[in-house]
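Everything on this sheet refers to the single structure shown next.
The values are calculated or read from the model by the stated rules, or taken from the named source; none is laboratory data. Because the structure is predicted, anything quoted here is derived from the model rather than measured. All Cβ positions, even for glycine, are placed from backbone atoms using ideal geometry, and neighbour counts span all protein chains on display. Ligands, DNA and RNA are stripped out before the accessible areas are found, and what is left, the full protein with its side chains, is counted by its heavy atoms. Shrake-Rupley method; radii C 1.70, N 1.55, O 1.52, S 1.80 Å.
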Amino acid sequence: MSGTAPGLGARQAALVAGLTGTGPAPAGFDAARFAAARAALLAKRADVVAGVWPELARDCGPRWRELFAAWAPGRPPGGGYADGWAFARQRLAAGALGPAAAVELAAAGARLGRPGRRPPAPPDRAGHPLAGTWRRVGRRLRGACGYGRAGRAVALRLGRRLWVVRRP
Amino acid sequence: MTAVPGYGVGIGWRPEIAGFVAALPGLRMVEVVAESVDPGAVPDALSALRERGVAVVPHGVALSLGGAAPVDPRRVDRLAAVAAALGAPYVSEHIAFVRAGGVEAGHLLPLPRTREAVAAMAANTARLQAELDVPLALEPVAAFLDWPEDELDEAAFLTEVLDATGALLLLDVANVYANCRNRGTDPLALLAALPPERVAYVHVAGGSSHGGIYHDTHTDAVPADVLDLLRALTARRQPPTVLLERDGRYPPAALLRAELDAIAAASGHPAVT
C-alpha cells in the first residue's frame, strides 16, 4: 500500500458509512455489488426490526420494507429495539401510526423504556457521595414500574403487570 | 495440536426451534449465538441439553475481530464468561468486522484481503485467545463484495490468518459456495487450498439468488450444490462435526429433519434424528 492511501480503519469506516447511508459510497468498489450489498443489509435490518416490533411491521403492511428503507439510510443502526422505537415515533409524529402499533409502542415504553436509557445521576448529585445510591434507586424504581404513551395509547406497568388503555 | 473433539451432526440452537432440537435423540452438539446468552442466566433449555451430554458451543457474531480498532475488552470478557458458563469445548468467531468509525454495520462484513487486515485479525484474535481457556475456531464469511485493495486470493488470505492466529478453522461450505459462485471461481479449488486438519467444525446453511447474486440467507433450504461441497470435503478428510444453521422462516419439523439426515449422509456421520 502506498504511503498516501488511507489505512484499514479509515477504509472500514468508509465502507460501513456507505453501506448504512451515513456517508457516501467509498471509492473503488463495484457499483452494482455495492448497491446489492447495501440493499441486502437494509432488508436484514428491516427484518430484525420487524421481529422485535411485529405490530409496527403489520401496520405498514406490504410496504414495510419499502417504508423502512426510506427511513433508515443515514441513521446509524441501533439494533432492532432502538431502530423500531425511532421509526415508530417518527410515524407517530407524522400521524401515520395505527392503533395496534401505538399500543405496541406504549407497552414497550412501559416495559423497557426509551432505548439506550442508562439511569444518569442527577446533574447536581453527579459528584455526590450518594450518586451511586441514587442511580441504584432509579434503576430499582424503573424495574418496579414503567409508563409509556404513544398518541392515544397509554401503558402502565407495575412489576410484571401491564395495563394499556386508549384515551378517547 | 490437541485433537478437536468430534460430535457428528449438530444444529444451531435458536429459541424458536428449542423444542425441535431437544427432541433430536442422537444430538451431541449445538451452537448458540454467544451474544444471546447471559453468562449469569443460561437458558434452561441449554442447561437441559448439557445435562444429557450435548456440547454447547458459543458462536460470537459481534466482536469485530477484523476491525482495525482493538477489540472491546468487555466483549472479550463476556465471550470468555459465556464459554465458561456453558462448559464449551471450543469457541468460534468470524474473520470479519461489524463496526467501524463508531457505526454498527448490523452484519458481518468482509475484510480486504491484505496483509494489513491479516495483522489486525491477528492482534485482536490474540487479545481474545488470552482470555479463553479453550481453543478458538475462526469462520470465513460470505462476502457479497470484494475490496479494491485485495492483494491475496481467498485461500491465501485465510491461510495467512490461520497461520498468524494459530486458530482452528470453522469452515462454512455455504459461504464457500456463495463466494465462489458470486465471483465465478471454483469452490473445489478453494476447499482444496484450505488445511483440512485445522477444521474444528463445518457450517451448512441455505440461501437463495436475487438479481444474479447468491445470498447466504440461513432462511432457505440447503441447496444440493452445498451438500455436494460437503461430500467433496468429506472425501478429503471427514470433518469432526457438521452443523446446520437455520435462522428464520423455519420449515416443518419433517423438512428440518430431512436436512439433518442429508447432512449426515453427505458427511458420513450417523443420523441424529
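Here is how the numbers come out for the structure above:
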item: Test: residue in the range B:50-62 that is within 14 Å of chain A (Cβ to nearest Cβ) and of a type in the set (A, V, I, L, M); result: yes
item: Residue among B:ALA96, B:ALA84, B:ALA119 that alone is within 14 Å of chain A (Cβ to nearest Cβ) and open to solvent by 40 Å² or more (accessible area, probe 1.4 Å); result: B:ALA119
item: Selection from the range A:46-60 of residues that are open to solvent by less than 30 Å² (accessible area, probe 1.4 Å) and either within 14 Å of another protein chain (Cβ to nearest Cβ) or out of contact with any Leu (no Cβ under 6 Å at 6 or more places or on another chain) (or both); result: A:ALA46, A:VAL49, A:ALA50, A:TRP53, A:LEU56, A:ALA57
item: Subset tally (residues that are assigned to a helix (DSSP H, G or I), surrounded by 15 or more Cβ atoms within 10 Å (Cβ to Cβ) and more than 10 Å from the chain's Cα centre (by Cα)) for the range A:82-116; result: 12
item: Number of the exception - A:PRO76 against (1) within 14 Å of another protein chain (Cβ to nearest Cβ); (2) in a helix (DSSP H, G or I); result: (2)
item: All positions within the range A:6-45 that are over 17 Å from B:PHE144 (Cβ atoms) and in contact (Cβ under 8 Å) with a residue 24 or more places away in the chain; result: A:THR22
item: Meets criteria (out of contact with any Ser or Thr (no Cβ under 9 Å at 6 or more places or on another chain), open to solvent by 30 Å² or more (accessible area, probe 1.4 Å) and not charged (D, E, K, R)) for A:GLY79; result: yes
item: Residue under evaluation B:THR125, criteria (1) away from every other protein chain (no Cβ under 14 Å); (2) surrounded by fewer than 23 Cβ atoms within 10 Å (Cβ to Cβ); (3) in contact (Cβ under 8 Å) with a residue 12 or more places away in the chain, criterion not met; result: (2)
item: Some residue of the range A:28-51 being in a loop (DSSP other than H, G, I, E, B) and out of contact with any Gly (no Cβ under 9 Å at 6 or more places or on another chain); result: yes
item: Search result, residues across the range B:57-93 that are acidic (Asp, Glu) and farther than 19 Å from B:GLY166 by Cβ; result: B:ASP72, B:ASP77
item: Identity of the residue in the range B:235-245, assigned to a loop (DSSP other than H, G, I, E, B) and touching a Gly at 6+ places or on another chain (Cβ under 6 Å), that ends up most open to solvent (accessible area, probe 1.4 Å); result: B:GLN238
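Rundown of residues vs (1) modelled with pLDDT of 95 or more; (2) more than 8 Å from chain B (Cβ to nearest Cβ), yes/no style:
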residue	(1), (2)
A:SER2	no, yes
A:GLN12	yes, no
A:VAL16	yes, no
A:GLY23	no, yes
A:ALA32	no, yes
A:ALA40	no, no
